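Below you'll find the structure, written out as structure tokens, and then a few comments.
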Amino acid sequence: MNFILMIFIESIFAAYVAGFLCGYLGVYLSRLRLITLGFAVAHGAIAGASIAFLFGLNVEILSFVFGVSVALVVEYIHKRFDVERDIASMYVFSLSSAVAIIAIYMTPTLLLTSDIASMILWGSILAMTIEKIVFLAVVLAILIAYTRIFRWELDSILFDKKLAEAEGVNVDIHTIAFVLISASAISILLRFVGGLLLFSLIFGPAVAATSMTYKKQNIVGATIGSISGILGVIISFHFDLPVGSTIAISTCITSILASIAINLYFKRALKNTIESIPVGHRP
Amino acid sequence: MGIYAESAVFLERAMYAVEMEDVYTAYPKTSDAALRGIDLTVPREKLVLITGPNGAGKTTLLELILGFLRPIRGRLRVLGYEMPKYSRLVRRKCSYVMQDFMKPYNTPYTAREVILMGLAPYKAPFEKISREEQKLLDFLLEFLDIGGLLDKPFGTLSGGQQQRVMLARALLRRPEMLLLDEPFSSIDADSRIEFAHLLDDIRRRYGMTILVVSHDVSPILGYTDIIVRLRNGRVVDVE
């Protein structure tokens with residue numbers, strides 16, 4: 001098979017799995033109000049990757065370790081000092097961004113201009129090997145299985161966190177589970193989408209899905225995410241642009257278009273309903 | 001522990017729903033105690049009204065009982081269990097209906113789903129509602145007159161309807177103790193007495209302890225076994 005075609009097909013698969021995973025995960029993070037935490041985890045992962053890059057260590061492992069550590073530090077600050085999770089996340093985000101910048105600053109110029117550095121910052125189509133796609137698919141399978149197995153508890157937490165706690169649901173353990181899954185996904189996706197833009201793939205579809213529908217928001221988010229991912233890869237290939245940026249742009253555009261389309265659909269449906277009511281009986 | 005000591009503990013658990021001895025509690029990052037020197041014993045299967053002016057500590061008392069706040073002094077036992085050590089266990093045995101519990105129209109759950117979620121702590125993965133639970137649910141739907149609301153989105157229900165759905169959720173859990181925070185606030189004046197009668201009926205039928213926090217005492221006054229009056233974080237009167 002043609003080498004370029006093979007890379008293209010691999011990238012499309014990667015974009016599909018990545019988009020599905022981020023969209024699905026993003027809806028839960030958004031409804032659990034963990035979006036800022038996700039943001040801090042993503043930047044913690046960049047710090048890990050930058051340090052790995054500086055010392056020649058494994059980028060995925062260190063970004064995973066840093067991502068998880070950031071999340072655990074945020075949870076510790078939130079619980080121990082009764083600081084809002086969002087505020088704690090912003091503190092840790094600033095800290096990890098500073099660490100990342102110092103690590104990049106200390107990295108020899110020759111290494112900094114290499115492909116690996118650009119992969120971490122704005123992503124690369126070449127970064128996704130078959131093994132990494134399989135790993136992402138495994139993370140996605142774990143996430144779906146987890147949300148199915150613990151559906152009762154998760155629904156209860158998503159409906160009202162305090163009430164779920166008052167009824168004896170272990171909210172903390174499920175929060176940590178989501179953080180671990182997020183950190184795993186982010187550490188792998190860092191090279192593909194790039195640390196600076198990865199967050200848009202988690203955030204965009206989630207916001208669109210939660211504003212579009214009451215039902216099956218996770219599936220809607222995953223669908224928007226996978227369409228955005230595939231579109232981003234195609235645009236990136238066609239115009240030879242950084243894949244992270246094209247995925248971020250396609251995510252924004254797809255999410256906005258999907259929201260507009262669904263609003264128009266409901267407006268039309270409401271108009272049809274009102275028109276079907278005989279004149280004189282209309283409200 | 002010997003058999004007599006175990007029996008004594010069992011009997012004590014069987015007798016009291018709440019035991020507080022000189023309990024003080026405070027909200028995090030405050031220098032003032034929200035509840036001070038509370039001495040209160042609530043026997044099981046009683047309907048208790050906790051009343052007092054705004055800021056008296058009524059909701060704080062419920063939060064303390066459920067383990068959201070820790071006693072900074074004194075001793076607290078709920079359903080015979082030391083708190084806050086056994087908070088999660090106690091929460092599983094209680095049901096809580098929160099104050100002004102209103103969800104927006106875009107809440108992505110139907111009334112049925114909201115009711116069934118209350119069973120989350122007792123359900124194994126993929127476990128469905130049992131025949132017994134279904135029977136109880138059918139009864140509650142009729143009892144609370146919410147049968148027609150089951151498939152409607154929860155957020156589109158009125159305040160009173162949402163409150164009834166939350167009560168069905170709380171009762172489906174078959175709790176040993178039911179805690180209601182200002183249950184009359186979203187019910188119109190005509191339905192308040194009917195609701196108070198319903199609570200009394202529930203208590204008699206299921207033999208559960210019910211703690212009702214309300215500044216509006218008139219609807220429930222005729223049904224209460226104990227009235228606890230709070231002011232400035234202290235119990236000023238128990239009758």
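The distance linking the range A:169-216 with the range B:143-160 is 33 Å (Cα centroid to Cα centroid, whole angstrom).
Neighbouring Cβ atoms from other chains, within 10 Å of the Cβ of residues in A:146-154, number 4 on average. If you average the alpha carbon positions of the range A:3-74 and of the range B:225-239, how far apart do those two centres end up, in angstrom? When both Cα centres are located, 55 Å separates them.
Charge dipole (Cα centre; +1 on Lys/Arg Cβ, -1 on Asp/Glu Cβ; no other charges) of chain A amounts to roughly 800 debye. Applying 1/(1 + (r/R0)^6) with r as the Cβ-Cβ distance of residue B:218 and residue B:106 and R0 = 45 angstrom yields a FRET efficiency of 0.80.
Applied to the range B:21-38, the Karplus parametrisation 6.51 cos²θ - 1.76 cosθ + 1.60 on θ = phi - 60° returns per-residue 3J(HN,Hα) values of 10, 6, 8, 10, 8, 8, 6, x, 6, 10, 9, 10, 6, 7, 10, 10, x, 7 Hz, with x for Gly and Pro.
Between the amide H of residue B:18 and those of B:42, B:79, distances stay under 5 Å, these residues lying 5 or more places away or on another chain, with hydrogens modeled in the peptide plane. Peptides B:27-35, B:137-145, A:223-231 ranked from most to least packed give A:223-231, B:137-145, B:27-35, packing being the mean of other C-beta atoms within 10 angstrom over each peptide's residues.
Paramagnetic label reach from residue B:225 (point 7 Å along Cα→Cβ; backbone nitrogen cut-off under 12 Å): within the range B:29-56, residues B:42-49. Among the listed pairs A:162/B:29; A:79/A:132; A:215/B:58; B:29/B:58; B:58/B:128; A:162/B:128, a Cα-Cα separation exceeding 26 Å is found for A:79/A:132; A:215/B:58; B:58/B:128. Between the alpha-carbon centres of the range B:92-124 and the range B:17-43 there is a gap of 28 Å. Our coupling estimate for the range B:70-83, obtained by passing each phi through the Karplus curve with A = 6.51, B = -1.76, C = 1.60 and θ = phi - 60°, is 9, x, 8, 7, x, 10, 10, 10, 10, 6, x, 9, 5, 10 Hz, Gly and Pro reported as x. When the square roots of the Cα gyration tensor eigenvalues are ordered a ≥ b ≥ c, the ratio a/c for the range A:3-275 is 1.5 or more and a/b does not exceed b/c, which makes its shape oblate.
Per-residue shielding of A:161-173, expressed as the average number of other chain Cβ atoms within 10 Å of the residue Cβ, stands at 6. Think of it as helices only: each DSSP H run of n ≥ 4 in chain B is worth -39500 (n - 2.57), and spread over all residues that comes to -10000 deg cm²/dmol at 222 nm. Of the peptides A:36-47, B:121-132, the order by per-residue mean of other Cβ atoms within 10 Å, starting with the highest, comes out as A:36-47, B:121-132. Estimated from helices alone, the mean residue ellipticity of chain A at 222 nm is -28500 deg cm²/dmol (sum of -39500 (n - 2.57) over DSSP H runs with n ≥ 4, per residue). Taking the C-alpha atoms only, the angle from helix B:159-172 to the longest principal axis of chain B is near 70 degrees. Ranking B:107, B:28, B:228 by how far each Cα lies toward the positive end of the dipole of the range B:3-238 (charges on Cβ) leaves B:28 at the top. What is the calculated FRET efficiency for residue B:27 to residue B:239, with r their C-beta to C-beta distance and R₀ = 35 Å, to the nearest 0.05? Efficiency at R0 = 35 Å is approximately 0.80. Here r is the Cβ-Cβ distance between residue A:8 and residue A:264 and R0 is 25 Å; the resulting FRET efficiency, rounded to 0.05, is 0.15. Counting Cβ atoms of other protein chains within 10 Å of each Cβ in B:103-111 and taking the mean gives 3.
Read-outs: derived from the displayed coordinates by stated rules, not from any lab. Because the structure is a prediction, the values reported are computed rather than measured. FYI the Cβ positions are ideal-geometry reconstructions off the backbone, even for glycines, and counts take in every protein chain you see.
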